[in-house]
1. If you scan region 23-48, which residues turn out to be in a loop (DSSP other than H, G, I, E, B) and touching a helix residue (DSSP H, G or I) at 6+ places or on another chain (Cβ under 9 Å)?
2. Can you tell me which residue within region 160-172, out of those that are of a type outside the set (G, A, S) and either modelled with pLDDT under 75 or in a helix (DSSP H, G or I) (or both), is most open to solvent (accessible area, probe 1.4 Å)?
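The values are calculated or read from the model by the stated rules, or taken from the named source; none is laboratory data. These numbers come from a predicted model, not from an experiment. All Cβ positions, glycine included, derive from the backbone under ideal geometry; neighbour counts span all protein chains shown. What goes into the accessible areas is simple: the full protein's heavy atoms, side chains included, and nothing from ligands, DNA or RNA. Shrake-Rupley method; radii C 1.70, N 1.55, O 1.52, S 1.80 Å.
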Amino acid sequence: MKPQRLVDLLALVGLVLLGLSAYLTWSSADPGSGRPVVDFNGYTVTKAPVTLALASLVAVVVTKLAGTALRRVLSALLLLMGVGAIGVALQVRPGSDELGRIRPELSQALTDHVSVTGGPAPWFALAGGVALVAAGLIALLTAHRWRRATARYERDPAATPADQWKAIDAGEDPTL
């Protein structure tokens, strides 16, 4: 598999997993006393996975159009966004005080004890971050071998405009 396609595949997997982590349950809070359990999705707890996914999408698209130097810079940024997603997945664990600020019915003033449990979303964010790190690392290491997006349509620098018109008149495509 070509490195460009592998980077595309890994970036797509990372983007999907980060997007899923925003909509799945990040944590659940049980206020007790027969009150209903409150689920918090990833977007409610932290907006970082969605932001990192969108920024990574832009970086991957621009990487396709960029030259080698800019491609390396964008690949390094993609790698750093993956590291950021891993950091968010490992460190963002809201406590009952923080959840009480988001949803007032969970505040300590209204409940004696709030038990907080984790959901599957941080694992999706972690896997998405790992995929972005892999995509960024592969892109960084193979950036010099990627073909530029416009290389196919560039003209021969030795050909003059008159030669190109003659080729067009003869039915040939001078861009190939």
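1. L24, P31, R35, T46, K47
2. So in region 160-172, the residues of a type outside the set (G, A, S) come out as 160-161, 163-166, 168-169, 172.
Now restrict to residues that are either modelled with pLDDT under 75 or in a helix (DSSP H, G or I) (or both): 160-161, 163-166, 168-169.
Details: T160: 63, P161: 88, D163: 75, Q164: 42, W165: 163, K166: 137, I168: 84, D169: 129 Å².
So, considering only residues that are of a type outside the set (G, A, S) and either modelled with pLDDT under 75 or in a helix (DSSP H, G or I) (or both), the one most open to solvent (accessible area, probe 1.4 Å) is W165.
One line per residue, one yes/no per condition, for (1) within 9 Å of the chain's Cα centre (by Cα); (2) in a helix (DSSP H, G or I); (3) of a type in the set (S, T, N, Q); (4) modelled with pLDDT of 90 or more:
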| site | (1), (2), (3), (4) |
| --- | --- |
| L10 | no, yes, no, yes |
| L17 | yes, yes, no, yes |
| S21 | no, yes, yes, no |
| V58 | yes, yes, no, yes |
| K64 | no, yes, no, no |
